[in-house]
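Each remark here refers to the structure printed beneath this line.
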Ligand SMILES: NC(=O)c1ccc[n+]([C@@H]2O[C@H](COP(=O)([O-])OP(=O)(O)OC[C@H]3O[C@@H](n4cnc5c(N)ncnc54)[C@H](O)[C@@H]3O)[C@@H](O)[C@H]2O)c1
């Protein structure tokens, strides 16, 4: 079915955005809001937005008037009778949405589609209040709708496939990538998004690194636009914490999504983020104003001022050892070649998933002289490098390693012991959660990557990220994390384990 007349109920932030892109795609939109005057206000606001786009040269005057003409304000729900589909973007309340849909069923044609923009309610439960639940589907957009070019089309348990097919086609016509997803908590994007934030909070809770250090590593090493704690400040804990709690509980306390007491404490303390000028960071005039160490990075100790012992580099991961050896020689360090370190050597280990302590202990090294370096994301000059101490690494070892690895102008962050450093842990967790979304058949593997890239702005889709690092390496990291923490949070998804063992891409669907 091609939808040419769309009803839009609820003209707040989301409803306006959906109406705008539908009208721009040439669909007639009937705008209704329970609040008097709100639908007209929405039409005026959309027209102003379109005019601004024309001023910027992004639309012609003809396109603006054609789109504006498609918007029709209606005063009664009954005026939705001609709609071929109705999208609701009203208050996020199950009973109110069910009541609206059952009222609509008495108004619209038998084949009219009823779509919900809900983020957190079950589409199946909204449909349960309808005479014809097969006509109900999710049509989940992201804020701001015109800029977030993705829509999840959600099949409830009883949704007729022709209904979601029609919405997929409509979403594409509206200029968005439309992906099909099963009705499950968080659908694709909000489900996949749990990994980045909860693992960032976990690292903070373990005192592995400071807030700004975790964020810097995720930006500079892993290529994210912002780190997990900056992101929480941007979204606001009043929004994020309830979502974390809700998805965790809807999945019956799935440890992969376990929320953090650190976020809950800030929430109740009113440290919500940017909107209260105080969250994980301090803000003034919309910009980060503190703490001081978040603004300016402390310089590394100059190489000339430290006493640099010879380096002994662990061969546990030969390709990583070679990269560190090449770099050390380039910087002018003396590298030992013996199987065992001399009594003076600074011992460098290159863990994949393990912590520095486990490496020192397994390899019989003096932990006071041992330091770990994360090689997984490369050691290119100028790129941030992460070093990791054991709980008893000496200050002299730490300073020498910091000076050495910063000597070519690269930034260095020294963190406390953590299985998987910062970036390895967070990325492995993101990949694993996405693999489990695929394992549950919530969406096709390519659609998971598409939805996450467009919905969350990650540098790569999570499955492609896993492929770039190597599924076997991600599996090793998770197995090591599981060993160190004995926490089922890190249990690898069967989707990941099987594809890693078979040596195939994580995007490989079931045959
Ligand atoms: N804001 C987001 O980031 C976002 C993202 C994705 C999905 N959503 C979902 O979209 C929906 C709307 O969100 P929003 O942020 O635009 O909300 P909003 O509060 O800005 O707008 C809701 C509008 O619905 C109207 N309304 C409320 N009850 C109504 C009823 N019974 N009948 C008709 N109109 C009614 C209100 O007057 C208001 O204009 C929610 O279900 C929300 O979960 C929101």
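The values are calculated or read from the model by the stated rules, or taken from the named source; none is laboratory data. Source: prediction; values computed, not measured. In this analysis, Cβ positions are derived from the backbone assuming ideal geometry, glycine residues included, and neighbour counts consider all displayed protein chains.
Restricting attention to region 316-337 and to residues that are in contact (Cβ under 8 Å) with a residue 60 or more places away in the chain and surrounded by 15 or more Cβ atoms within 10 Å (Cβ to Cβ), the residue that is farthest from residue 365 (Cα to Cα) turns out to be 331. For region 34-87, filtering for residues that are under 30 Å from residue 160 (Cα atoms) and within 12 Å of the ligand (Cβ to nearest atom) leaves 7. The residues on offer are 39, 83, and the sole one that is in a loop (DSSP other than H, G, I, E, B), touching a strand residue (DSSP E or B) at 6+ places or on another chain (Cβ under 7 Å) and buried (at least 21 other Cβ atoms within 10 Å of the Cβ) is 83. Whether any residue in region 491-501 is surrounded by fewer than 19 Cβ atoms within 10 Å (Cβ to Cβ), under 30 Å from residue 234 (Cα atoms) and without any contact (Cβ under 8 Å) to a residue 12 or more places away in the chain is what I want to check. No, region 491-501 has no match at all.
Candidates 468, 451, 464: the one that is under 19 Å from the mean Cα position of the chain (by Cα), assigned to a helix (DSSP H, G or I) and more than 15 Å from residue 427 (Cβ to Cβ) is 451.
Residue-level analysis places residue 52 among those that are free of Cβ contacts under 8 Å to residues at least 12 places away in the same chain, surrounded by fewer than 15 Cβ atoms within 10 Å (Cβ to Cβ), more than 28 Å from the chain's Cα centre (by Cα) and part of a helix (DSSP H, G or I). Within region 265-307, the residues that satisfy the criterion of being part of a helix (DSSP H, G or I), without any contact (Cβ under 8 Å) to a residue 60 or more places away in the chain and more than 26 Å from the chain's Cα centre (by Cα) are 292, 304. The set of residues from region 136-155 being away from the ligand (no atom under 12 Å from the Cβ) and either buried (at least 24 other Cβ atoms within 10 Å of the Cβ) or under 10 Å from residue 180 (Cα atoms) (or both) comprises 136, 137, 153, 155. Of the residues making up region 105-123, just one is surrounded by fewer than 23 Cβ atoms within 10 Å (Cβ to Cβ) and assigned to a helix (DSSP H, G or I), namely 105.
Determine if region 222-234 includes at least one residue that is surrounded by 18 or more Cβ atoms within 10 Å (Cβ to Cβ), free of Cβ contacts under 8 Å to residues at least 40 places away in the same chain, outside the structural domain of residue 142 (by TED's automatic domain parsing) and part of a helix (DSSP H, G or I). Within region 222-234 (the criterion being surrounded by 18 or more Cβ atoms within 10 Å (Cβ to Cβ), free of Cβ contacts under 8 Å to residues at least 40 places away in the same chain, outside the structural domain of residue 142 (by TED's automatic domain parsing) and part of a helix (DSSP H, G or I)), the answer is yes, since at least one residue qualifies. Residue 2 meets all of the listed conditions (1) buried (at least 21 other Cβ atoms within 10 Å of the Cβ); (2) assigned to a loop (DSSP other than H, G, I, E, B); (3) out of contact with any strand residue (DSSP E or B) (no Cβ under 9 Å at 6 or more places or on another chain) but one, namely (1).
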